[in-house]
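Report on the following structure.
The values are calculated or read from the model by the stated rules, or taken from the named source; none is laboratory data. In this text, all values refer to a predicted model and were calculated from it rather than measured experimentally. Please note: Cβ atoms are built from the backbone with ideal geometry, for glycine as well, and neighbour counts cover all protein chains shown. These area figures cover heavy atoms from the full protein model, side chains too; ligands, DNA and RNA do not enter into them. Shrake-Rupley method; radii C 1.70, N 1.55, O 1.52, S 1.80 Å.
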Amino acid sequence: MFAAPSHRRLGILAVLGGLLAGAPARAQQRLVTGSQQPMPAAEWIDQDTGHRVRRLTPLDGDNASFYFHNRPFLAGRGGERMVFYHTDARGKQLRLLDLKTHEVTPLTRYFPKVSGEIVAPKLREVFYQTGDSVYATHVDTRRTRLVFVFPQDFRASITTLNADETQLGGAWSSDAEKEISRQYPEKKDYFRRIYEARLPRTLFTVGTEGGQLTKLFTDTAWLNHVQFSPTDPHLLMFCHEGPWELVDRIWTIDTKTKEVKLVHKRTMEREIAGHEWFGADGKTIWFDHQLPRGATFFVTGTDLKSGKERKYELTRDEWSVHYTTAPDQKTFAGDGGYPTSVAHSPNGQWIYLFRPDGSTFKAEKLVNLARHNYHLEPNVHFSPDGKWLIFRANFEGQSQVYAVEIAKAAS
């Protein structure tokens, strides 16, 4: 069991949180986002959009919110909380942010490397992995338990948690694939090499209590992007990774019956579907859809029961690296794109809100990210109350977590 963080460290972070909580009263300037490093206050009105932007994390190192489909929120005493990653000279740790008071407290000790980023709101634990070991830390007591140690012949990574919080899921890769990644650490160098190697991958689950390992499915397709349904504890989504125009990407597997189903079948040459995610009710899988690649852009959803699809068209500049849906599933958001991305959008570096309007999206720009380097993907999340969009960015010189208010600021 890890020792709880010292009261002294908690006290220091509480002061930082208090300073941030007080910032709105003195920080209503209209500024170009990223025009200063750092910005002169923790809150400002984006000059180009009229929306209020707030930095949620203190400038004490690199801070990063979760990947777009990993929900980082859970209820707390008096309000919602969000888990995020912090990195400084001591290493990397998970921290907890109170979204009401902005108080920041550490959850874990520092690690050289840590991943997993899985929040269990019912268990009130955060699951994560360092090396071959999976841990869970309780957000209230800070009690940490060892959940599972991967055996030498099955070193794998957890990425998701099922709806009843009994099973973690992920994908195992071969030593040969790991060697490709080691030799070619940049995505542009390893991506096609791994795809063309046709090496085996295995989907698996691990019990959150008792740590039982179950191997579900093995294929020479590059199985990746593993996500459990938010409502069906036995439904696991995964993809066939690779150049999107060459793969039928989106699949599901029933963890009880082992039945595998294709979610979307491509219908034309160079069609792509990717960066898939579940809607909040678990009934629809949504994805970035291009007909064909780089030409016409949609966000499409497949109804898992009927197989019927809904498509919402958007413009080239509105294409986003990742999209997401609001808790009420009535609106969407995107984190924009950059000139060398698949859409080659000349003016796409924005945080967007999308409102369905017939068969199209009506887009609203919320934050100008022209000064953000998209090597760090923003990975937008709706706040639990649906009033803010939370994202990560580096326009102040280092990675930090921000929120933008969906309602426009008063003039």
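Descriptive notes on the structure:
- Under the convention that each Lys and Arg Cβ holds +1 and each Asp and Glu Cβ holds -1, the size of the dipole of the stretch 168-217 around its Cα centre is about 180 debye.
- Gyration tensor verdict on the stretch 239-332 (Cα atoms; rounded if a/c is under 1.5, prolate if a/b is larger than b/c, oblate otherwise): oblate
- Bridging of residue 113 to lysines at a Cα separation below 22 Å is possible for 92, 178, 187, once same-chain residues fewer than 8 apart are set aside.
- If you sort the three axes of the alpha carbon gyration tensor as a ≥ b ≥ c, you get a/c of 1.5 or more for the chain and a/b no higher than b/c, which makes it oblate.
- Dipole magnitude for the chain: about 620 debye, using +1 per Lys or Arg Cβ and -1 per Asp or Glu Cβ, origin at the Cα centre.
- The value of relative contact order for the chain, using C-alpha pairs under 8 Å at least six residues apart, is 13 percent.
- Scattering curve values for the stretch 269-411, log₁₀ I(q)/I(0), Debye with Cα scatterers, q = 0.09, 0.16, 0.19 Å⁻¹: -0.26, -0.83, -1.15
- Within the accessible area of the stretch 286-361 (1.4 Å probe), percent carbon and sulfur: 47 percent
- In the stretch 84-154, the inverse of the mean reciprocal separation of distinct Cα atoms equals 12.8 Å; this is its Kirkwood hydrodynamic radius.
- Positive minus negative residues near residue 336 (Lys, Arg vs Asp, Glu; Cβ under 11 Å): -3
- For the residue pairs 122/387; 362/387; 256/283; 283/330; 265/305, the C-alpha atoms sit no more than 25 angstrom apart in every case.
- Taking max minus min of the alpha-carbon positions on each principal axis, the stretch 34-149 gives extents of 50, 33, 24 Å, largest first.
- The residues of the chain present an accessible area of 43 Å² per residue when probed at 1.4 Å with all protein chains retained.
- The chain: calculated mean residue ellipticity at 222 nm from DSSP helix runs of at least 4, using -39500 (n - 2.57): -2500 deg cm²/dmol
- For the stretch 95-231, the share of accessible area belonging to carbon and sulfur comes to 49 percent (1.4 Å probe, ligands and nucleic acids excluded).
- Heavy-atom SASA rank of 247, 32 (probe 1.4 Å, accessible area, largest first): 32, 247
- Whole-number D in µm²/s for the stretch 123-236 (Stokes-Einstein; Kirkwood sum over Cα pairs; 37 °C, 0.692 mPa s): 217 µm²/s
- Equivalent ellipsoid semi-axes, the stretch 308-384, via Cα gyration tensor eigenvalues times 5, rooted, Å: 20, 15, 10
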